[in-house]
Amino acid sequence: MHTSIRHILRTTQSTPAFRSALYVIRHWANQRGVLSGKCGYFNPYALTIMLSHVSQHLPSATDEGLVNAFFETFATFPFSTRIITCDGWVPTAAEDKWVRGGRGMCVVSVGVPRVNVVRNVTEGTCNVLVGELKRAWDVVQRGGGVEEVWEDGVGEFFTSYPTYILLTLSSLTPSSYRSLVGHIESRLVSLLVILSTRCTNAETRLWPVRGKWGAVTGYPYSGAVWVGVRKKGDGKVVQSDFLAALDEFERQVFERWEEKTKDMFFHIELVPKSKVPQTIEEDTLPDGDVEVEAAESEHANEDDGASGETANEQGDDDVPSTTTSTQRPTTSPPSPTTTTHPKLRTSRDVFHRILWDTSLDSSLYTVGYEDRFQGILEISFKEFAQKCRGDETDEEWMPWHRVWWYKKAGEVVWDRKGR
């Protein structure tokens, strides 16, 4: 890919202007959250081909002229019927069908073999891309500066949707965290496809930057991915359709994935606008393969994953922290005398641990909770999970502070009063 980009730059007649314009366009895409090929958006190679496609007809244009022509051309470009090339290749009808592969957008690579370099673009992400191109062209038309064109879009994203899908990724070790992040992010496009199939009246947008928010207490490596959700026009959005879509994605995520380990944590849920941040700090993957050996040893020796949580020092607050403690690994394993075992501090954390830790048999657990009309009740964990999953954030079924205990085979392993 990098060789092809260099070839395009060498063959462009106005190289200095082209490079400057390409920098502006890449920065615009990055700031607006549409520069991520694996998430179904543009990638640097595609943007280079698209700008070269425009510059062929403007050999003497300045960098500003190329930027303006780029947005003018693609704000109204018929992506569904035309392909984008930069070397004069004209496909036959059969070649067009084969290269496009049924995708709504097609940007063809330079040279043989011809491939669609934006093949991850879905119908939903294509609409997002077109919307951003039209926004940029509107800014240019009314005389706005380049700073307004590439204005950071993260704040706008976190205020434009009434509901969000939050994907929380956490792990105890840096190596397993990198593995988990790579696995989940490679499947984010499939989540968008599932949502578009099951929730036809919903409009979704994935923000491609993983943020330091939504951490799980006790996991030193953690990040979150956000998907905005709103209804299309006057259409009706059914929450049960969303929950079914999220369950289907959860099943697909870990199906036949042999690298999943018990120190990984993944959770997906619906979150109302009132509980999302106005901005996020970008999460970076930890460097190196140093693992916290002492913590791993203690984690591996746990009996049930919840027995160490009875000594909670955090009080009765069951609302998770809105900041993530994402620390870089130390150059040497910490001393066993200074390493404390990761604690699951809230009823919500214990619930997710039992739900996701493959070393725990959830059928052995029961949950004691307070019903507003019937008092304290105890039901199986499976029944409890079916009732509250998807509703724990909005607290439509029951607030987390009404969970009083968790039992394993009749023995209390987490108790609110005894924490």
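Where a Cα-Cα gap under 25 Å defines reach, which lysines qualify for Lys236, not counting those fewer than 8 residues away within the same chain? Once the sequence-local lysines are set aside, what remains near Lys236 is Lys273, Lys275, Lys387.
Using the Cβ-Cβ distance between Thr159 and Ser60 with R0 = 35 Å, the FRET efficiency computed as 1/(1 + (r/R0)^6) comes to roughly 0.25. For the range 49-158, carbon and sulfur atoms together expose 52% of the accessible surface, with a 1.4 angstrom probe and every protein chain in place. You can think of it this way: the chain between Lys417 and Ser274 has 48.5 nm of extra reach, that is 0.36 nm per residue less the Cα-Cα gap. FRET efficiency for Ser380 and Asn127, Cβ-Cβ distance as r, R0 = 60 Å, nearest 0.05? After rounding, the FRET efficiency stands at 0.90.
The heavy atoms of Ser60 offer some 110 square angstrom of accessible surface to a 1.4 angstrom probe. Here the convex hull built on the C-alpha positions of the range 114-196 has a volume of 180 cubic angstrom per residue. On a per residue basis, the range 177-241 carries 37 Å² of accessible surface, using protein heavy atoms and a 1.4 Å probe.
Placing +1 on the Cβ of every Lys and Arg and -1 on the Cβ of every Asp and Glu, with no other charges, gives the range 107-236 a dipole of roughly 500 debye about its Cα centre.
Once the C-beta distance of Val146 and Val238 is scaled by a Förster radius of 45 Å, the resulting FRET efficiency is 0.60 to the nearest 0.05.
The values are calculated or read from the model by the stated rules, or taken from the named source; none is laboratory data. Computed from a predicted structure; not experimentally measured. Positions of Cβ are backbone-derived with ideal geometry, glycine not excepted, and every protein chain shown enters the neighbour counts. We work out accessible area using only protein heavy atoms, side chains counted, and drop any ligands, DNA or RNA first. Shrake-Rupley method; radii C 1.70, N 1.55, O 1.52, S 1.80 Å.
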